[in-house]
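I have placed the structure first, in the form of structure tokens, so that the comments after it can refer back to it.
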Amino acid sequence: DGRSLPGGILKVDNFINHQMDGDLMCSCAREMVRLFKPTGFNKILTVEASGIAPSIFAGYLAHVPVVFAKKATPRTLDDKFVTKVHSFTKDRDYDIIVSKEYLKPTDRILFVDDFLACGNAALGMLDLCRQAGAGLVGMSFLIEKAFQGGRAVIHAKCPGLPIESMAVITALGDGWIEFQTAN
């Protein structure tokens with residue numbers, strides 16, 4: 001139901017990041033929890049805003065808290081971890097922050113987000129977990145744009161880290177989308 005736009009942009013605002021399909025979010029979250037349950041994750045980390053919906057569903061189903069990294073620092077937050085992330089869609093850099101109160105060395109983190117494209121947000125989450133001393137046990141995405149190489153970027157920094165995507169797109173063109181087929 002998405003639309004391919006020039007520049008490798010996939011527009012999915014009618015079911016993920018403007019209007020949300022709750023049934024789809026719940027189904028994806030159920031699969032994420034099933035896939036990563038063996039890792040023993042005890043917290044989910046995401047980035048505002050489009051990763052929040054699948055994260056909340058997954059947190060509810062797994063009975064674990066969800067922390068979302070913020071793109072703006074509230075005046076009430078002093079003690080924080082900070083990293084810089086480049087947004088592919090918006091073509092700008094953000095300082096991403098998480099309160100030190102919510103990311104601890106005892107945490108086993110599952111990172112959940114809407115897209116894996118170039119891997120920028122994922123690298124930012126790796127950095128936040130490193131700063132906190134938290135263990136990153138896996139990453140899960142609603143949609144992976146495989147042709148943008150994010151998976152390889154993550155594995156270059158963190159070899160063997162489990163990565164699961166609910167849909168993998170191998171190519172986009174003028175009005176067409178090519179999906180990876182199951183093996």
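Observations on the structure shown:
- Test for Val66: is it open to solvent by less than 40 Å² (accessible area, probe 1.4 Å), within 16 Å of the chain's Cα centre (by Cα) and within 28 Å of Glu101 (Cα to Cα): no
- Odd one out for Phe147, checked against (1) of a type in the set (Phe, Trp, Tyr); (2) in a strand (DSSP E or B); (3) open to solvent by 30 Å² or more (accessible area, probe 1.4 Å): (2)
- In summary, Ser140 fulfils each of the numbered conditions (1) polar (S, T, N, Q); (2) over 12 Å from the mean Cα position of the chain (by Cα); (3) closer than 25 Å to Arg30 by Cβ with the single exception of condition (2).
- Residue, nearest to Val12 (Cα to Cα), within the range 161-183, restricted to residues that are part of a loop (DSSP other than H, G, I, E, B) and at pLDDT below 95: Gly175
- Among the residues of the range 150-159, those identified as farther than 17 Å from Ala69 by Cβ and either out of contact with any Cys (no Cβ under 9 Å at 6 or more places or on another chain) or in a strand (DSSP E or B) (or both) are Arg151, Ala152, His155, Ala156, Lys157, Cys158, Pro159.
- Pairing each residue of the range 54-67 that is over 21 Å from Gln19 (Cβ atoms) and in a helix (DSSP H, G or I) with any residue that is open to solvent by 40 Å² or more (accessible area, probe 1.4 Å) and among the charged types (D, E, K, R), provided the two are 6+ apart or on different chains, yields C-beta distances under 7 Å for Leu61/Arg30.
- Answer residue from the range 74-93, given it is open to solvent by less than 70 Å² (accessible area, probe 1.4 Å) and of a type in the set (Val, Ile, Thr) and is nearest to Ile9 (Cα to Cα) among those: Val85
- Within the range 31-51, being hydrophobic (A, V, I, L, M, F, W, C) and surrounded by fewer than 21 Cβ atoms within 10 Å (Cβ to Cβ) holds for Leu35, Ala49.
- A single entry from Asp93, Asp23 fulfils the requirement of being modelled with pLDDT under 95, more than 21 Å from Ile154 (Cα to Cα) and among the acidic types (Asp, Glu): Asp23.
- Search result, residues across the range 31-53 that are part of a loop (DSSP other than H, G, I, E, B) and either touching a Cys at 6+ places or on another chain (Cβ under 6 Å) or under 19 Å from Gly135 (Cα atoms) (or both): Gly40, Phe41, Asn42
- Taking the range 94-134 as the range and being open to solvent by 10 Å² or more (accessible area, probe 1.4 Å), within 30 Å of Phe147 (Cβ to Cβ) and assigned to a helix (DSSP H, G or I) as the test, the residues that pass are Asn120, Ala121, Leu123, Leu126, Asp127, Arg130.
The values are calculated or read from the model by the stated rules, or taken from the named source; none is laboratory data. Being a predicted model, the structure only gives us computed values, none of them experimental. As a convention, Cβ positions derive from the backbone with ideal geometry for all residues, glycine included, and neighbour counts pool all protein chains shown. SASA here: full protein model, heavy atoms, side chains in, ligands and nucleic acids out. Shrake-Rupley method; radii C 1.70, N 1.55, O 1.52, S 1.80 Å.
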